[in-house]
Amino acid sequence: RRRLQRLGIPLRAPGVHPGLAAAADAALRADGVPAGPLAVTSGALDAIERILTARLRPGDAVAVEDPGWGSLLDLVPALGLRAVPVAVDDEGPAPEAVADALRDGARALIVTARAQNPTGAAVSSARAERLREILAEYPATLVVEDDHGHGIVDLPLHPLAGATAHWALVRSGAKALGPDLRVAHFTGDPTTVDRVSGRQRLGPGWVSHLLQEVVGELMGAATGAAASYGARRDALVVELAARGVPARGRSGMNVWVPVPEETSAVSRLLRAGYAVAPGARFRIDAPPGVRLTVSGLAPRE
């Protein structure tokens, strides 16, 4: 107890470490995210789960990107919610698909702001404006933005935050700083953040302040990461195109390659010495594909 006190860590800690709060708030304001309270969770998926649980009931429909993050596609039905697939292109969720999902009763929309997994999509300014127009017709929709690409993407953020009454924007330190730093923070409308924080106090209480302090100190330290991932990703897309293979990869560390049949593509690449992820892990109704990750590739490869 005395050692913790000497380190400046209170025995009953508040939810958010002041250092992380200051760094996170400054970055959010710089990116045009509306001012709001802050909460900290054990990773982005933990944050999204708590936000959905705080706002939705079993049986509710949630609009999700297709193809999209496999862990999220597993989480939604695990919570008793119904996933409604929304097509996604290089600029983010397709407006017509979003409008259809909301018209059919989806109570929440989950959007990857940048570095979408697996396609590399990033929400453009024009796409954000169009989605805001659609969301204005459904003001009770819960909008959750996953900006895990913060720190590893050189494209600007075009947030949807504030387009509806209920919203949250989540950022994680895992991608930019290291996968073992299971610290994410999010902001949102006061009621949503308060619900999540209140429920969290009844369980884990708070995320380790030692981890929070590390993330707060290191935020912004991943200089050069975006350029490095971008160079490798762009080189791969260009070289594939030169060989007649279309591929998508606008941001982040992944490239999505449509294929006629996933199993044979994965096995043939594996025999050639390359491990890629089958697209079935990331799809609901989207056509087949494979995900290539460039983080382990040298530019010459």
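Since every read-out is calculated from the coordinates, none of them should be taken as a lab result. Please read all numbers here as calculations on a predicted model, not as lab measurements. Here the Cβ positions follow ideal geometry from the backbone for every residue, glycine too, while neighbour counts run over all protein chains shown.
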Query - Computed FRET value (nearest 0.05) for ALA241 with GLU96, which takes r as the C-beta separation and R₀ as 45 Å - result: 0.95
Report summary line: Computed over the chain, the relative contact order (Cα-Cα under 8 Å, seq sep at least six) in percent reads 21
Query raised in the report: Taking only DSSP H segments of four or more residues, each worth -39500 (n - 2.57), what value at 222 nm results for the chain once the sum is divided by all its residues, to the nearest 500 deg cm²/dmol?
Result: -11000 deg cm²/dmol
Report summary line: Note, the stretch 260-268: 3J(HN,Hα) by Karplus (6.51, -1.76, 1.60, θ = phi - 60°), whole Hz, Gly/Pro = x, goes x, 8, 6, 4, 5, 5, 5, 5, 5
Query raised in the report: What is the extension gain from ALA87 to GLU137, computed as 0.36 nm multiplied by their sequence separation minus the C-alpha to C-alpha distance, in nm to one decimal?
Result: 16.0 nm
Report summary line: With a ≥ b ≥ c from the Cα gyration tensor eigenvalues, square-rooted, and the rule rounded for a/c under 1.5, otherwise prolate when a/b > b/c and oblate otherwise, the stretch 19-73 is prolate
Report summary line: Taking placed amide H atoms and a strict 5 Å upper bound, the residues 5 or more places from HIS150 or on another chain that come that close are SER172
Requested in this report: Take the alpha-carbon centre of the stretch 82-113, take the same for the stretch 238-301, and report the distance between them in whole Å.
Outcome: 24
Query raised in the report: Which whole-Hz couplings ³J(HN,Hα) result when phi for each residue of the stretch 125-141 is put into the Karplus expression 6.51 cos²θ - 1.76 cosθ + 1.60, θ = phi - 60°, listed in order with x for Gly and Pro?
Result: 4, 5, 5, 4, 5, 5, 5, 4, 4, 5, 5, 4, 7, 10, x, 8, 5
